[in-house]
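Heads up, the thing below is written out as structure tokens.
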Amino acid sequence: MLRVTEVFLSIQGESTQAGRPCVFVRLTGCDLRCVWCDTEYAFEGGESVSVEQLVDRVATFGCPLVEVTGGEPLLQRDCIPLMKVLLARGYEVLLETGGHRSVEEVPTEVCRILDVKCPGSGESHRNHLENLERLTPRDEVKFVLADRADYEWARAFVRDHALHERCTVLFSPVWQRLDPKGLAEWILADRLPVRLQLQVHKVLWGETPGR
């Protein structure tokens, strides 16, 4: 069984899949407390649903792209079976994870969007660096940046770990805190091999839950 906060259809606002219609399965619960978190409503509550019931609910939207997110989805044991069933049903599956839980058991067919927490999040000490060794070209690494100090930390992290040689690297500004134009200029000035990520869903709908 899984604890589920919401299942909804929206436009994928992040990753290299930004702009595509996507079904989001938001699982309940998170053991991180990032200071800029925009999904605190998913920390508790939710409803208990079986894997099969959840997959049937996903099917009602008629959309081939599914993202499993949270909260922190990998806290729930049945998250892995859920992704396996979705893959078996022919879905393209994305996993958004905070990066502090091992992704070892996540099916290789899943695109793992792995957060690396910067100091501005208050949770950078929780990064599970062993996950970096498991990255493939299918996967993506995301840095959410609150300020220039976060940018410089992330820039050094990317270079030290040669992340751009493993997979796509995303730099995303904290919504309404770090100027996206300024971040773009820093990336260009440093010729950094990363992709600027803006949260398209927030541009369209603001911070409305379930969008």
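The values are calculated or read from the model by the stated rules, or taken from the named source; none is laboratory data. Just so it is clear, the structure is predicted and the values come from calculations on it, not from any experiment. Every residue, glycine among them, receives a Cβ derived from its backbone with ideal geometry; neighbour counts consider all protein chains shown.
Among the residues of the stretch 191-203, the ones that are assigned to a helix (DSSP H, G or I) and either modelled with pLDDT under 85 or within 20 Å of LEU163 (Cα to Cα) (or both) come to 0 in all. Going through the stretch 121-162 one residue at a time, which ones are surrounded by fewer than 23 Cβ atoms within 10 Å (Cβ to Cβ) and either hydroxyl-bearing (Ser, Thr, Tyr) or touching a helix residue (DSSP H, G or I) at 6+ places or on another chain (Cβ under 7 Å) (or both)? If the condition is that a residue be surrounded by fewer than 23 Cβ atoms within 10 Å (Cβ to Cβ) and either hydroxyl-bearing (Ser, Thr, Tyr) or touching a helix residue (DSSP H, G or I) at 6+ places or on another chain (Cβ under 7 Å) (or both), then SER124, LEU132, THR136, ALA146, ASP147, ALA149, TRP153, VAL158, HIS161 are the ones that fit. Name the single residue that is farthest from LEU9 (Cα to Cα) among those in the stretch 157-211 being in contact (Cβ under 8 Å) with a residue 24 or more places away in the chain and polar (S, T, N, Q). Filtering first and then ranking leaves THR168.
If I ask for residues that are part of a strand (DSSP E or B) and either at pLDDT below 95 or of a type outside the set (Asp, Glu) (or both), which ones from the stretch 95-123 would you list? Residues satisfying the conditions are LEU95, THR97, CYS111, ARG112, ILE113, LEU114. Taking PHE143, is it of a type in the set (Phe, Trp, Tyr), within 14 Å of the chain's Cα centre (by Cα) and modelled with pLDDT of 95 or more? Yes: the conditions hold for PHE143. In the stretch 73-107, the qualifying residues are those that are farther than 17 Å from LEU54 by Cα and of a type in the set (D, E, K, R), and the one that is nearest to the chain's Cα centre (by Cα) is GLU96.
In this structure, ARG33 does not satisfy being closer than 14 Å to GLU6 by Cα and either of a type in the set (Lys, Arg) or at pLDDT below 95 (or both). For the stretch 174-190: of the residues being in a helix (DSSP H, G or I) and within 20 Å of the chain's Cα centre (by Cα), which is farthest from GLY19 (Cα to Cα)? Of everything passing the filter in the stretch 174-190, LEU183 is farthest from GLY19 (Cα to Cα). Give the residue that is surrounded by the most Cβ atoms within 10 Å (Cβ to Cβ), with candidates limited to residues of the stretch 19-30 that are in contact (Cβ under 8 Å) with a residue 60 or more places away in the chain and farther than 12 Å from GLU67 by Cα. This residue is CYS30. The residues of the stretch 146-173 that are outside any helix (DSSP H, G or I), hydrophobic (A, V, I, L, M, F, W, C) and more than 14 Å from the chain's Cα centre (by Cα), listed by number, are ALA146, ALA162, CYS167.
Conditions first: (1) loosely packed, with under 13 Cβ neighbours inside 10 Å; (2) modelled with pLDDT under 95. ASP179 passes all but one, so which condition is the exception? Among (1) loosely packed, with under 13 Cβ neighbours inside 10 Å; (2) modelled with pLDDT under 95, ASP179 violates only (2). Put simply, of PHE43, PHE61, PHE8 the only residue that is out of contact with any Gly (no Cβ under 7 Å at 6 or more places or on another chain), surrounded by fewer than 22 Cβ atoms within 10 Å (Cβ to Cβ) and among the aromatic types (Phe, Trp, Tyr) is PHE61.
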